[in-house]
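Below you'll find the structure, written out as structure tokens, and then a few comments.
We did not get these values from a lab; they are worked out from the coordinates using the rules stated. Quick caveat, the model's predicted, so the values are computed rather than measured. FYI the Cβ positions are ideal-geometry reconstructions off the backbone, even for glycines, and counts take in every protein chain you see.
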Amino acid sequence: MIQPADLPETLPVFPLPGALLLPRGKLPLHIFEPRYLAMLDDVLKTPERLIGMIQPYQSGGVERLHAIGCAGRLTAFSETEDGRYMVTLSGASRYRIVEEVEGFTPYRRCKASWTGFERDLGPAEKDSGFDRDGFMSLLARYFADQGLSTDWDSLKDAEDELLINSLSMLCPFEPEDKQALLEAPSLETRRETLITLIEFALRGGSGEEMLQ
């Protein structure tokens, strides 16, 4: 398990629209761009093996980075015959970008602050106000509406955090919506945000008032 002392001051970052990693979550990635292959080679040489996932956005024709991302520890990887990597990142902790670091690497690096995200390194969160039956009913409508399928038995048996975070990561929301889920300060607020996004999608993305 990652300890606070293991969190580095400077972090390689991987801007990927719509790819959401949350603490204690698992994110599979297929890496083939030369700059990110170089990043992976460098990360494998570090003791903490951390990569900072981050959402990019366009502003004035320039790709910028959101302030908050989530670092993941490289916990599994395999190399294909043509030199690509299939990897898995395990969510360690969210971070806030302090500044981007100029250097000679082909990938981007940032100074990171871990302050305010201490809970990410602790045990799984609980959601005492979670109406699981009502949520599962809403989720069934959403999956039917979106033409999605899942293992419902596994979802029903999943712990609160695993259920809410897995759905936050996997559901086909817009990148800005994924960012809102990432920045939710607690599991309860993430669940509330997730429900709002599902209800919005069921209304066809209309601006009508949504049920809470």
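Here segment 4-121 is assigned +1 on the Cβ of each Lys and Arg and -1 on the Cβ of each Asp and Glu. Its dipole about the Cα centre then comes out at about 360 debye.
Placing R0 at 30 angstrom, the Cβ-Cβ distance between MET136 and THR189 gives a FRET efficiency of 0.95 after rounding to 0.05.
Looking at segment 4-121 from every direction and averaging, what is the projected area of its Cα convex hull in nm²?
On the way: hull surface 30.1 nm².
With the hull built on Cα positions only, its mean projection is 7.5 nm².
What size of dipole, in debye to the nearest 20, comes out for the chain about its Cα centre when the only charges are +1 on Lys and Arg C-beta atoms and -1 on Asp and Glu C-beta atoms?
Roughly 420 debye, rounded to the nearest 20.
At q = 0.22, 0.27 Å⁻¹, what is the log10 ratio I(q)/I(0) for segment 153-209, with the Debye formula run over Cα points and no solvent? So the normalised log intensities are -0.87, -1.15.
If R₀ is 22 angstrom, what is the calculated FRET efficiency for the pair LYS26 and THR46, using the beta carbon separation as r and rounding to 0.05? The value I calculate is 0.65. For the chain, lysine pairs with C-alpha atoms less than 24 angstrom apart, excluding pairs fewer than eight positions apart on the same chain, total 10.
GNM, the chain, Cα, under 10 Å: largest mean-square fluctuation among GLU192, GLU102, GLU118? Taking springs between Cα atoms under 10 Å, the residue moving most is GLU102. Name the most mobile residue of MET136, MET53, MET39, meaning the one with the largest mean-square fluctuation, in a Gaussian network model of the chain with Cα contacts below 10 Å. Largest GNM mean-square fluctuation: MET136.
Projecting the Cα atoms of GLN179, SER154, ALA140 onto the dipole axis of segment 132-202, where Lys and Arg carry +1 and Asp and Glu carry -1 at the beta carbon, places ALA140 farthest toward the positive end.
A simple spin-label model places pseudo-atoms 7 Å from Cα toward Cβ; at GLU176 and ALA76 they are separated by 3.5 nm. Please work out the C-alpha center-to-center distance from segment 3-55 to segment 70-137 and express it in whole Å. Centre-to-centre (Cα) distance: 7 Å.
For the chain, modelled as a GNM whose springs connect Cα atoms under 10 angstrom apart, the maximal fluctuation among GLN179, GLN146, GLN58 occurs at GLN58.
Projecting label points 7 angstrom from Cα along Cα→Cβ for SER128 and LYS111 puts them 4.0 nm apart. Toward the positive end of the charge dipole of the chain, about the Cα centre and with charges on Cβ (Lys, Arg +1; Asp, Glu -1), which of LEU121, VAL43, MET53 goes farthest? Going by the charge dipole, the pick is VAL43.
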